[in-house]
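Quick note: the coordinates plus some simple rules give every number you see, no bench work behind them. Keep in mind that this is a model prediction, so the values were computed, not measured. We place every Cβ from the backbone using ideal geometry, glycine too, and count neighbours over all the protein chains shown.
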Ligand SMILES: Cc1cc2nc3c(=O)[nH]c(=O)nc-3n(C[C@H](O)[C@H](O)[C@H](O)COP(=O)(O)OP(=O)(O)OC[C@H]3O[C@@H](n4cnc5c(N)ncnc54)[C@H](O)[C@@H]3O)c2cc1C
């Protein structure tokens with residue numbers, strides 16, 4: 001079970017003595033993990049402090065992993081950086097700023113050749129989410145069987161699959177980490193663990209057949225050339241078994257009320273499509289959809305809206321704005337000016353944000369929207385869904 005040493009409510013000398021006896025993990029083992037989590041998973045670190053130290057971290061503070069040890073994480077809270085800081089400044093921010101509080105969160109198992117930091121971090125996530133009554137990542141094997149495959153729009157390939165009986169039917173954004181080079185034929189050639197390639201794909205929609213009770217789902221994959229994810233989807237023939245090793249519930253609980261802004265590209269459009277089919281929030285959302293091919297907007301135009309949104313006059317025409325991305329477009333500037341136009345035209349303000357884009361765009365936009373809307377941490381979700389190499 002995770003233990004916490006709190007430098008404020010516990011004896012400060014105790015945590016300092018406790019920490020001086022510890023040897024941090026070598027830099028090569030931890031640096032990528034620390035940078036990634038510190039930049040992109042602030043909300044999870046704040047959740048650890050809330051779950052294990054019973055302390056809510058105010059929005060004026062940020063939580064950082066200050067160090068990683070074999071047996072746990074040292075977290076510290078410090079003042080939020082100014083939104084205008086560059087990425088380099090942000091990376092060095094925690095080193096430059098006085099820690100406000102420190103917390104040591106103990107792993108379930110010691111890190112060694114067989115136990116990874118990632119596995120221990122995911123375990124902490126599961127324990128913390130459970131404690132706070134939130135949906136958590138599940139490390140479990142799931143098997144789906146391909147029934148059919150076709151293009152849902154010019155560049156979106158849809159697999160129809162049968163899914164395990166306990167698959168969530170109404171949780172928009174629920175995703176799975178698929179092994180995309182596993183053998184799906186009947187020859188079952190083993191794939192060596194170091195060669196395994198994994199990609200997240202969202203359960204675009206799930207439903208249960210009333211007669212057979214079989215659960216069916218759609219998995220929509222953006223096809224953009226010769227890449228492992230797209231090749232896997234297109235090569236998955238009827239009858240093939242596809243395997244996921246992790247369930248990932250998307251962070252969407254904040255969207256149930258208030259004026260929401262949804263921002264997606266081809267990788268997150270399946271999640272937004274599912275939101276719009278399941279939308280019960282009395283206020284219709286503003287949607288910004290970015291695609292490389294204008295024809296992929298058909299993907300949203302063709303969907304069946306929730307009853308709530310069907311009763312909103314001209315929802316698709318007035319609330320969905322489409323941006324066609326090109327190599328010379330400054331995407332985040334274009335998204336920001338599109339938001340400004342929507343807000344001015346409709347005289348509204350934004351209460352909640354959910355978006356998922358490419359890593360550098362997501363990071364830039366997250367900073368810009370944070371300073372623009374000053375939303376609490378839990379109401380401002382801007383995710384990284386893919387990385388440009
Ligand atoms: C929680 C979650 C849910 C997701 N759900 C979906 C989903 O439902 N459908 C879906 O299609 N994707 C989804 N993604 C993203 C998906 O996992 C990535 O698109 C995938 O990693 C890209 O894999 P790839 O094998 O096609 O390309 P990679 O091997 O990642 O990249 C190969 C090359 O393609 C470029 N590239 C990769 N992605 C894009 C892109 N989107 N646009 C332009 N160039 C690109 C890269 O820069 C690189 O040069 C999700 C991601 C997350 C984290």
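Rounded to the nearest 10 degrees, what's the angle between the helix 117-131 long axis and the longest principal axis of the chain, both from Cα atoms, 0 to 90?
Result, in degrees: 80.
Could you tell me how many degrees, from 0 to 90 and to the nearest 10, lie between the Cα long axis of helix 42-53 and the main elongation axis, the longest principal axis, of the Cα atoms of the chain?
Between helix and principal axis, roughly 50 degrees.
Report, as a whole number in µm² per second, the diffusion coefficient that Stokes-Einstein gives for the range 240-380 at 25 °C and 0.890 mPa s using the Kirkwood radius over alpha carbon pairs.
Estimated diffusion coefficient is 155 µm²/s.
Which whole-number percent gives the relative contact order of the range 142-248, counting Cα pairs below 8 Å spaced six or more residues apart?
Computed over the range 142-248, the figure is 40 percent.
Over all alpha-carbon pairs in the chain, figure out the percentage whose distance exceeds 40 Å. Display every interim value, and only then the final one.
Working: 14046 of 75466 pairs.
Considering the chain, 19 percent of its Cα-Cα pairs are separated by more than 40 Å.
Direction-averaged shadow area of the convex hull around the Cα atoms of the range 142-248, nm²? Intermediate values should be presented prior to the final figure.
Working: hull surface 28.2 nm².
About 7.0 nm², averaged over all directions.
Quick check: pseudo-label points 7 Å beyond the Cα along Cα→Cβ at residue 308 and residue 280, how many nm apart are they?
0.8 nm
Quick one: of the DSSP bridges fully inside the chain, what percent are antiparallel, nearest 5? If you can, show how the numbers build up before the last one.
Values: 52 of 72 bridges.
Approximately 70 percent, going by the DSSP bridge assignments.
When the chain is fully extended, how far beyond the present Cα-Cα distance does residue 138 get from residue 241, taking 0.36 nm per residue of separation?
Gain in length upon complete extension: 35.1 nm.
Quickly estimate the mean residue ellipticity at 222 nm for the chain, helices only: each DSSP H run with n ≥ 4 gives -39500 (n - 2.57), and the total goes over all residues, rounded to 500. Intermediate values should be presented prior to the final figure.
Numbers: 12 runs with 121 residues, N = 389.
For the chain, the value works out to -9000 deg cm²/dmol.
Provide the gained length on full extension for the span residue 14 to residue 227, in nm with one decimal, where the gain is 0.36 nm per separating residue minus the Cα-Cα distance. The partial results should precede the final answer.
Numbers: separation 213, 0.36 × 213 = 76.68 nm, distance 5.19 nm.
71.5 nm is the gain from fully extending residue 14 to residue 227.
Can you give me the relative contact order of the range 253-386 as a percent, contacts being Cα pairs under 8 Å and 6 or more apart?
31 percent
With each label point set 7 Å from Cα along the Cα-Cβ vector, what nm distance links residue 71 and residue 40?
Between residue 71 and residue 40, the label points sit 3.1 nm apart.
Could you give the angle, 0 to 90 degrees to the nearest 10, between helix 331-346's Cα long axis and the longest principal axis of the Cα atoms of the chain?
Its long axis makes an angle of about 70 degrees.
Specify the residue with the greatest mean-square fluctuation among 347, 235, 294, computed from a Gaussian network of the chain linking alpha-carbon atoms under 10 Å apart.
Highest fluctuation among the options: 347.
Find the relative contact order for the chain and round it to a whole percent, using C-alpha pairs within less than 8 Å whose residues are 6+ positions apart. Working shown, then result.
Values: 700 pairs, mean separation 51.6, N = 389.
Reported as a whole number, the value is 13 percent.
Just to verify a number: FRET efficiency for residue 321 and residue 116, C-beta to C-beta distance, R0 = 35 Å, to 0.05?
It comes to 0.25.
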